[in-house]
Amino acid sequence: MPVQNLLFHGDNREVLRTHFGEGTVELCYIDPPFYSRRDYYHPATGEDPPSRAFTDRWTWDAEAAGAYHAILENAGGQQTAASVALLRGLRGMLGESSLLAYLSSLTLRVAEIRRVLAPHGTFYLHADPSAAHYLKLICDALFLPGGGEFRNEIVWSYESGGRAARDFSWKHDTLLRYTKSARWTYHADAVRLPRTETRRNHMKRGVDPDGRGFRSIKSAGRIYRYYDDEGVPPSDVWTDLGHLHQRDPERLGYPTQKPEALLERIILASSDPGDLVLDAYCGSGTTLAVAQRLGRRWAGIDQAETAIAMTRRRLAALVTPGAEARPDTPPAAPAATINPTPD
Ligand SMILES: C[S@@+](CC[C@H](N)C(=O)[O-])C[C@H]1O[C@@H](n2cnc3c(N)ncnc32)[C@H](O)[C@@H]1O
């Protein structure tokens, strides 16, 4: 039976190992903790003090040492010689530190994600400058030896939030995009952006026999024609998508909730209707909600009860007219594995 619209409450490594077959997922997006070394709270529940949604604090403890040794021993068989060598090298550089604990956790989980990706599948890892440079090495070590490819480092640039007094403010996230092989799904036409006039001022304006306006330019003996109504495929720098602001109607009160427009671009570009979209750190269920709206199958995993309850409500509201996505009462404890949408 193919995985169909399932939400799992638990640790994603365990869930992936026990519930997902090899090569079953066409697209996986993850937005894991970024190594910010802080806790994240729910402002929406009105509790005083607010309850913790999840933590992004890491310590080198027995669990971290276990994860590190599981990589070195290739427990589960998903590591590569490169990922084992990399983690050994990182231990030499970082010591038995909180950062090594974080990177060991991500290495184990990205390895499982690579296993479940379809041969033509795509993986997006959302990170920020705290650890994106290490995570890129980890993805290289896990994806490239088996014929996978690094395709993009997308810079998502935004203006929201405060400004730093003694540094240039951090105003971008990084999305690493990898494919499992040299054959992958990518629909440039589904994510075209409106053309801006200023970018094309140096081009010649024209109208074709059907009355369609265009700009054209001659380069190396060839004439290139860009139609006004066609739009332009996005580059790897995304400046047109904002973070959710405080009063954004899309906001459900989950800390670090991402905008649906970001996931819409990713899902439209990198999957087909009916494909399975996985978010193994699903939080409030943004990826799953957009996948549902765009006619994809979806699967979400989160270890936080409040995330599962919020996602369940969000998805139920999409398929049940009149249901409320926003919580007014504390959520009931979710079942271990639940399916919020009727088949
Ligand atoms: C940054 S949030 C994701 C937010 C989400 N993209 C959204 O739009 O709401 C990261 C989530 O990962 C979850 N998480 C962290 N470690 C996990 C693990 N090992 N297994 C499953 N979920 C995990 C946390 O509970 C948290 O909800």
ask   = Does ASP248 meet the test of being surrounded by 15 or more Cβ atoms within 10 Å (Cβ to Cβ), more than 11 Å from the ligand (Cβ to nearest atom) and at pLDDT below 95?
value = no
Residue that is of a type in the set (S, T, N, Q) and within 14 Å of the ligand (Cβ to nearest atom), where the choices are THR107, THR122 = THR107
message = If I filter the range 216-242 down to residues being touching a Ser or Thr at 6+ places or on another chain (Cβ under 9 Å) and of a type in the set (Ser, Thr, Tyr), which single residue comes out as farthest from GLY206 (Cα to Cα)?
response = THR239
task = Say whether the condition of being in a strand (DSSP E or B) and not assigned by TED's automatic domain parsing to the domain that holds PRO33 is met by at least one residue in the range 273-294.
result = no
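Yes/no matrix, rows are residues, columns are (1) in the same structural domain as SER271 (by TED's automatic domain parsing); (2) within 22 Å of the chain's Cα centre (by Cα):
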| site | (1), (2) |
| --- | --- |
| GLU149 | yes, yes |
| ALA164 | yes, no |
| SER169 | yes, no |
| HIS202 | no, no |
| PRO209 | no, no |
| GLY221 | no, no |
| ARG225 | no, no |
| ASP228 | no, no |
| ARG251 | yes, yes |
request  = Scan the range 32-77 residue by residue and report those that are of a type in the set (Val, Ile, Thr) and more than 25 Å from GLN246 (Cβ to Cβ).
outcome  = THR59, ILE71
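Yes or no, residue by residue, for (1) within 14 Å of the ligand (Cβ to nearest atom); (2) assigned by TED's automatic domain parsing to the domain that holds GLU112; (3) closer than 24 Å to THR122 by Cβ; (4) in contact (Cβ under 8 Å) with a residue 40 or more places away in the chain:
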| site | (1), (2), (3), (4) |
| --- | --- |
| GLU26 | no, yes, yes, yes |
| TYR35 | yes, yes, yes, yes |
| TYR41 | yes, yes, no, yes |
| PRO49 | no, yes, no, no |
| TRP60 | no, yes, no, yes |
| GLY66 | yes, yes, no, no |
| HIS69 | no, yes, no, no |
| GLY77 | no, yes, yes, no |
| ALA85 | no, yes, no, yes |
message = Of all residues being within 17 Å of HIS120 (Cβ to Cβ) and of a type in the set (Lys, Arg) in the range 273-307, which is farthest from the ligand (Cβ to nearest atom)? Just the residue, please.
response = ARG297
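The values are calculated or read from the model by the stated rules, or taken from the named source; none is laboratory data. Since the structure is predicted, the reported quantities are computational estimates derived from the model, not experimental observations. Virtual Cβ from ideal backbone geometry, glycine too; neighbours counted across all protein chains shown.
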